[in-house]
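For reference, the structure discussed in these notes is given below.
The values are calculated or read from the model by the stated rules, or taken from the named source; none is laboratory data. As the structure is a computational prediction, the values presented were derived from the model and not from experiment. Note that each Cβ is placed from the backbone with ideal geometry, even for glycine, and that neighbours are counted across all protein chains shown. Just so you know, the surface numbers come from the protein's heavy atoms only, side chains and all, with ligands and any DNA or RNA stripped out. Shrake-Rupley method; radii C 1.70, N 1.55, O 1.52, S 1.80 Å.
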Amino acid sequence: MKDKVVLAYSGGLDTSVAIKWIAEKYDMDVITLSIDLGMERDFESIRQKALKVGAVKAQVMDARDTFINDYVFPALQADAIYEGQYTLATALARPLIAKLLVDTARQEGATAVAHGCTGKGNDQVRFDVSVAALAPQVRVIAPAREWGMTREETIEYAQRHGIPVSVTVASPYSIDENLWGKSIECGVLEDPWVEPPEEVFTWTKSPNEAPNEPCYVEIGFERGIPSSLDGHELSGIALVEKLNALAGEHGVGRIDHVENRLVGIKSREIYEAPAATVLLAAHLALEQMTLSKDQLRFKQKVAQEYADLIYNGLWFSALHRDLAAYVQSTQRHVSGTVKVKLFKGKSTVVGRKSPKSLYSYGLATYDEADEFDQSAAEGFIQIYGLPVKTQAQAQGMEPDK
Ligand code: ARG
């Protein structure tokens, strides 16, 4: 009996060629696993294609719910954004795909898992490290990293082996999509000076063509988890889908980022992430109202670490476990409603309210309802400024020339 390998299968050129290539090169039985994370694909025809190309078994799995609740929302609670721009859709999906590959390998008695990543990107790292963490004894095969074929040679290989090469192969762009966003690379985008052509955007309207009237949406949060839109309770999947459509219609969520890959390359990436853009801004606005100054300051540092570890493939790590526990603790009172205005490519938080708000009108107001004791400020400032005054008296405070 041959050894078995479970291959993450998208139905695209590389992973289709991989089915044949692994079977030939490694003499293994290939089982494919295609995972629905919210991209609109015909998974039944992807399954059929895998079998046609030579898989001994082809599985399809709907993992949207797990993706949103166990990966995306915890990252949202952490305010995770990589290098201030990338909302991490692709990076968040990889550890989940790795976990499902490992689970399937266990069920099928497979000794290896496989993915279609090249040797230049972050995704290979995320897969390999996740598998190493979850099942160190399972081997990882990465055909596209090993075979050394150019794109033309891959197409030739496919034709020689009767693997259907779809028209989408003609597209110069490399695209990865899930509910949290779309990542677009390659083609003219590799010149960081070139403005992304309108054709790369399929989730968002051009701000020029977006409605001339703004749209307001009220997002309800429970302990840092978005749970309603305009007062209607929604499941995580439905809420994200709805918000993707709504914000996308107003041109919100286009991101143009020259980012630092883990493997040392700077890479120009275009993202579309309408729901992620709106939810991250809304969530932060609610935290600004419900967390103390010190909590917010510290959480900001954690947010950066958290985003880095997601980007760098360390989802299944002890550091993540520890930081996640901290983030959960911070969300105890992050409940309330945020009002967001969507207009011509921009989303702006224009209102927020919470039963656990730390904002006090009586302390903040300048009108007669003022409860703040201004006379106490004088003594406070005397002590607060004491070390500055002492040092200036002893050492002088020459202005810099
Ligand atoms: N640069 C992004 C990341 O590292 C997106 C990668 C897109 N991946 C892909 N297979 N097209 O997460």
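Data table
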| read-out | value |
| --- | --- |
| Average Cα contact separation per residue, the chain, under 8 Å, 6 or more apart, as relative contact order % | 17 percent |
| Kirkwood estimate for the range 86-226, i.e. one over the average of 1/r between Cα atoms, Å | 18.7 Å |
| Rounded percent of accessible protein surface that carbon and sulfur make up, the chain, 1.4 Å probe | 52 percent |
| Residue with peak Gaussian network fluctuation, the chain [Cα springs, cutoff 10 Å], from Lys266, Lys57, Lys389 | Lys389 |
| Top positive-direction residue, dipole computed over the chain with Cβ charges, set Phe43, Ser335, Thr90 | Phe43 |
| Fluctuation leader among Val388, Val17, Val165 - the chain, Gaussian network, Cα springs under 10 angstrom | Val388 |
| Relative contact order [Cα under 8 Å, 6+ residues apart], the range 222-341, whole percent | 29 percent |
| Share antiparallel - DSSP beta bridges, the range 49-200, percent rounded to 5 | 65 percent |
| Around Lys301: net Lys/Arg minus Asp/Glu count, Cβ-Cβ under 12 Å | -2 |
| R0 of 56 Å, Cβ-Cβ distance Asp103-Tyr384: FRET efficiency to nearest 0.05 | 0.50 |
| At most 16 other Cβ within 10 Å, DSSP loop - GluC sites (Glu not before Pro), the range 1-45 | Glu40 |
| Average Cα contact separation per residue, the range 20-113, under 8 Å, 6 or more apart, as relative contact order % | 23 percent |
| Helix-only CD estimate at 222 nm, as mean residue ellipticity for the chain, using -39500 (n - 2.57) per DSSP H run (n ≥ 4) | -12500 deg cm²/dmol |
| Pairwise centroid distance, computed over Cα atoms, of the range 310-324 with the range 335-376, Å | 34 Å |
| In degrees, nearest ten, helix 13-26 long axis to first principal axis of the chain (Cα) | 50 degrees |
| 5 angstrom amide H check on Ala114, placed H, neighbours 5+ away | Val6, Leu7, Ala8, Ile141 |
| The chain - convex hull of the alpha-carbon atoms, volume per residue in Å³ | 207 Å³ |
| Surface accessible to a 1.4 Å probe, Lys4 within the full protein complex, Å² | 50 Å² |
| Among Ser206, Ser16, Ser292, residue whose mean-square fluctuation peaks in a GNM of the chain (springs only between Cα atoms under 10 Å) | Ser292 |
| The range 1-133 - convex hull of alpha carbons, volume per residue in Å³ | 117 Å³ |
| For the chain, share of DSSP beta bridges that run antiparallel, in % to the nearest 5 | 70 percent |
